[in-house]
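The block underneath contains the structure these notes are about, expressed in structure tokens.
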Amino acid sequence: MRLLCIETSSRRGSVVLAEGTRLVARATHSELNAHAERLRALLDQVLAEAGWSKHQLDRLGVGMGPGSFTGLRVGIAFAQGIALGLDRPWIGAGSLEAMAAACPAEVGWPRVALLDARRDEIFAQAFAGAGRPEGIAEALPRASGLASLAERYPGAVFLGEIGPALGAPSVFRSETSDLPDAAGIAVLVAGRDPADSVREPLYVRDSGATPQNLPPSPIVRRAG
Amino acid sequence: MLVLGLETSCDETGAAIVDDTGRVLADVVQSQVVHTEFGGIVPELASRDHLKNGGPVLHQALALANVSLADIDGIAVTCRPGLSGALLVGVQLARGLAWASEKPVVGVDHLVGHLLAVFLSYPDLAPADPPKLPFVALLASGGHTALYRVDGFELSAVRELGATRDDAAGEAFDKVAKALGLGYPGGPVIDRLAKEGNPDAIPLARPMSGKHTLEFSFSGIKTSVARWVEAHGRPGDDQTLRDVCASFQRRVVDTLVKKLVLAARQERVETVVIAGGVAANRELRERAHAAATKAGLRLVVPPFRACTDNAAMIAFAGLTRLRRGEDDSDALSVSPKTALATVTRKGSGRRAG
């Protein structure tokens, strides 16, 4: 099965082609706020490298977050457009889950994926053996989040470039597990039933808007 | 030639299929209701809703038009002006679709879409007689209020004659409705209440109506209503509420109509057009019609569904460039600002001349 996967939840945008779980080509960029501008060129690049035509693709995979709200949507909408244009299914997978899936087999479990969430918070999610999620992705305070995770998941291996800065006790670092990456998405999506696709972005945090606290005019209720 | 249009600039997710004569084969608009409790549009919520609805709306448009993607010759997508995050959803969807199906995609200025909406024709409506070029158009919506001279079907053939210095007309309706406790959006409810009110009952500021300028200002009248509410409280009986609505609406409409006719005279055109969401206002339509007739002008008003945000107008506005073989695949970026040249400086202060 030939996969095209896209991941844009963090500052790094990545695109990979995979044959089943075997990575065939990967391209990335780290230009700030440029996922929308850079994605298409990355696609052309990996296809050229692999010598594949877009019509040979069987399914699309895309990272569903958590991460930058706008970044996520840039990748997801793009993947949806491609899926529609090629008439292939698109399958969504968690971006923190992708970090855990991108580690080599010798890295132990549980694995806790960490990602900078800005605003003094971190996104985190733990995975038990074989990548089974232990609870959902959450946003935790940057100052206290790690201590609470270490307590909840004793002996865990922490993933993510932010790990050392947070003082994580045991950190595994690698290119494709430091930040959410399309390589990890490909591992997840290769074996996933389309019915188990994550369909809505994992925003974790709400929009930040506050409802108005104004009672509606009683007159209008009658007039309307 | 068939064009697929996509629109996600504000709080409406739209997809449409339009042919090269402006005939609308399908026009699907999903209006967002998530903003109601916030009293205005929350950009993050708008973006979230566009992403959720974009795909389904697109599928629905293709199904309604009874065409497949293979029948589409080009894609047109709103890329400005609007909420950046919201625009990005439509643009990315269009980009992915264009890349995968190897079709050209062009970015469309939403305001040009509104101005050309008058050329759309709908199979279920009586054929309209489109305006002759050139014409002067009043574009009034929740985000924009301006007068334009339209000489052709592309960006370079549209010239702004004057715009609002502050609030858009639709925005003033929304803010006044909020002050009166009428909820969001404010246009339809104020229009309905105004119908039975006395437009001369409440003394309110006149919005730059006396000057021989084609610029607008609606923040004064909005404040005037807010002051009235501060002084008198929210109207305690139905008739007073109707009177406030009628007095407010009459002043806004009078100004819009007066400047539309003034612009038509200055530009020596024979046809005037009203466009944008505020063009759905009953009193604006009636008074513009009366004023145009009196001035010997022909008024053309698009059908209601072409006035409010929709993707059919975007498809039509993209047609000219698609037909010329243009393609923005390599350069499609979003912007909160229009690409049309503007003549009105926003904000307060004295103007030269």
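The values are calculated or read from the model by the stated rules, or taken from the named source; none is laboratory data. Keep in mind that what you see is a predicted model, and the values were worked out from it rather than measured. All Cβ positions, glycine included, derive from the backbone under ideal geometry; neighbour counts span all protein chains shown. Areas reflect the complete protein model, heavy atoms only, side chains present, ligands, DNA and RNA absent. Shrake-Rupley method; radii C 1.70, N 1.55, O 1.52, S 1.80 Å.
What list of ³J(HN,Hα) values in whole Hz, one per residue of the stretch A:115-127 in order, does the Karplus curve 6.51 cos²θ - 1.76 cosθ + 1.60 (θ = phi - 60°) give from phi, with Gly and Pro shown as x?
9, 4, 10, 6, 6, 6, 10, 10, 8, 8, 7, 9, 10
Using the Cα centre of the protein assembly as shown as the reference point, and only Cβ charges (+1 on K/R, -1 on D/E), how large is the resulting charge dipole? Debye, rounded to the nearest 20. Intermediate results must be reported in sequence, preceding the final value.
Working: 63 positive and 64 negative charges, 393 e Å.
So the dipole magnitude of the protein assembly as shown works out to roughly 1880 debye.
Is there a pair in B:K132/B:K175; B:K222/B:K258; B:K175/B:K346; B:K195/B:K259; B:K195/B:K337; B:K52/B:K195 whose C-alpha atoms are over 27 Å apart, and which pairs would that be?
The pairs that break the limit, which is 27 Å between Cα atoms, are B:K132/B:K175; B:K195/B:K337; B:K52/B:K195.
Expressed as cubic angstrom per residue, what is the convex hull volume of the alpha carbon set of chain B? Could the numbers behind the result be given before it?
Working: hull volume 47.9 nm³, N = 353.
Looking at chain B, the number lands at 136 Å³ per residue.
Rounded, prolate or oblate for chain A? Axes are the square roots of the Cα gyration tensor eigenvalues, ordered a ≥ b ≥ c, and the cut-off for rounded is a/c under 1.5. Please report the intermediate quantities before stating the final value.
Numbers: a/c = 1.94, a/b = 1.15, b/c = 1.70.
The shape class here is oblate.
Give, rounded to the nearest 20 debye, the magnitude of the charge dipole that the stretch B:290-348 has about its Cα centre when Lys and Arg contribute +1 at Cβ and Asp and Glu contribute -1 at Cβ.
Numbers: 9 positive and 5 negative charges, 94 e Å.
In total the dipole reaches around 460 debye.
Grab the beta carbon distance between A:E134 and B:A331, set R0 = 41 Å, and tell me the FRET efficiency rounded to 0.05.
Values: r = 45 Å, r/R0 = 1.10.
Computed FRET efficiency for A:E134 and B:A331: 0.35.
Report, ordered by chain and residue number, the lysines lying within cross-link reach of B:K103, taken as a straight Cα distance under 22 Å and ignoring same-chain residues fewer than 8 apart.
Correct list for B:K103: A:K54.
Would you mind checking which residues have amide H under 5 Å from A:I91's amide H? H placed 1.01 Å from N; only 5 or more apart, or other chain.
Residues meeting the amide H criterion: A:L60, A:G61, A:V62.
Compute the Rg/Rh shape ratio of the protein assembly as shown: radius of gyration over Kirkwood radius, all on alpha-carbon atoms. Before the final figure, lay out each step's value.
Details: Rg = 26.7 Å, Rh = 25.7 Å.
Ratio of gyration radius to Kirkwood radius for the protein assembly as shown: 1.04.
Of B:P130, A:P180, B:C79, whose Cα points farthest to the positive end of the dipole of the protein assembly as shown (charges on the beta-carbon: +1 Lys, Arg; -1 Asp, Glu; origin at the Cα centre)?
Working it through, the farthest residue towards the positive pole turns out to be B:P130.
With the dipole of the protein assembly as shown worked out from charges on the C-beta (+1 for Lys and Arg, -1 for Asp and Glu) around the Cα centre, which of A:S170, B:P303, B:G236 lies farthest toward the positive end?
B:G236
Among the DSSP beta bridges whose two residues both lie in the stretch B:45-176, what percent are antiparallel, rounded to the nearest 5? Working shown, then result.
On the way: 11 of 16 bridges.
Counting DSSP beta bridges with both partners in the stretch B:45-176, the antiparallel share is about 70 percent.
Just the number, please: buried accessible area between B and A, total of both chains, 1.4 angstrom probe, nearest 100 square angstrom. Could the numbers behind the result be given before it?
Working: alone 15470 and 11140 Å², together 23200 Å².
That pair hides around 3400 Å² of surface in total.
For helix B:238-267, what angle does its Cα long axis make with the longest principal axis of chain B, in degrees from 0 to 90 and rounded to 10?
Around 60 degrees separate the two axes.
Let me see the P(r) profile for the stretch B:214-353: every Cα-Cα distance counted, bins of 5 Å, each bin given as a percent of all pairs.
All Cα pairs considered, the percentages come to 2, 7, 12, 14, 16, 16, 14, 10, 6, 2, 1, 1, 0.
In Å², what does the accessible area per residue of the protein assembly as shown work out to with a 1.4 Å probe? Mind dumping the intermediate values first?
Numbers: 23200 Å² over 577 residues.
Ligands and nucleic acids excluded, the figure is 40 Å² per residue.
Among DSSP bridges having both ends in chain A, what percentage is antiparallel? Round to the nearest 5.
Taking every DSSP beta bridge with both residues in chain A, the antiparallel ones total about 65 percent.
Report, by chain and number, residues whose modeled amide H sits under 5 Å from the one on A:V171, excluding near sequence neighbours (fewer than 5 apart, same chain).
A:F158
Quick one: pull the percent of accessible area on the stretch A:77-216 belonging to carbon and sulfur, 1.4 Å probe, ligands and nucleic acids left out. Spell out each step's value before the answer.
Details: 3160 of 6140 Å².
Its accessible area is 51 percent carbon and sulfur atoms.
HN-Hα J couplings of the stretch B:143-151 from phi, Karplus 6.51/-1.76/1.60, θ = phi - 60°, integer Hz, Gly and Pro as x?
Karplus values, whole Hz, x for Gly and Pro: x, 9, 8, 7, 10, 9, 9, 10, 9.
First obtain the Kirkwood hydrodynamic radius of the stretch B:146-256 from its Cα pairs, then insert it into the Stokes-Einstein equation at 25 °C and 0.890 mPa s, and state the resulting D in µm² per second as a whole number. Could you put the intermediate results ahead of the total?
Details: Rh = 14.7 Å.
Value of D from the Cα-based Kirkwood radius: 167 µm²/s.
For a quick check: with amide H placed at 1.01 Å from N, whose amide H comes under 5 Å from A:A25's, ignoring anything fewer than 5 positions away on the same chain?
Counting only residues 5 or more places away or on other chains, the set is A:L17.
Counting only helical runs of four or more DSSP H residues, what would the 222 nm mean residue ellipticity of chain A come to if each run contributes -39,500 (n - 2.57) and the total is spread over all its residues? Mind showing how you got there, number by number?
Numbers: 8 runs with 72 residues, N = 224.
After summing the helix terms and dividing by the residues of chain A, the value is -9000 deg cm²/dmol.
If you rank B:D254, B:D71 by how much accessible surface each has, with a 1.4 Å probe, what is the order from largest down? Don't skip to the end; give the middle numbers.
On the way: B:D254 50, B:D71 75 Å².
Listed by decreasing accessible area, they come as B:D71, B:D254.
I'd like the antiparallel share, as a percent to the nearest 5, of DSSP beta bridges with both residues in the stretch A:92-224.
Numbers: 12 of 17 bridges.
Restricted to the stretch A:92-224, the bridges split so that about 70 percent are antiparallel.
Taking the Cα centre of the stretch A:11-119 as origin and charging only Cβ (+1 Lys, Arg; -1 Asp, Glu), how large is the dipole, in debye to the nearest 20?
Numbers: 13 positive and 10 negative charges, 60 e Å.
So the magnitude is around 280 debye.
So what is the 222 nm mean residue ellipticity for chain B from helices alone, if each DSSP H run of at least 4 adds -39500 (n - 2.57) and you divide by all residues, rounding to the nearest 500 deg cm²/dmol? Provide the component values of the computation, followed by the final result.
Working: 10 runs with 140 residues, N = 353.
So the calculated ellipticity at 222 nm is -13000 deg cm²/dmol.
What residue among B:T213, B:V89, B:L322 has its Cα farthest toward the positive end of the dipole of chain B, where the charges are +1 on Lys, Arg and -1 on Asp, Glu, each on the Cβ?
With unit charges placed on the Cβ atoms, the residue in question is B:T213.
Across the stretch B:24-37, in residue order, what do the Karplus-derived ³J(HN,Hα) couplings come to in whole Hz, using 6.51 cos²θ - 1.76 cosθ + 1.60 with θ = phi - 60° and x for Gly and Pro?
My calculation for the stretch B:24-37 gives 8, 7, 7, 8, 9, 10, 10, 7, 7, 10, 4, 7, 3, 6 Hz in order.
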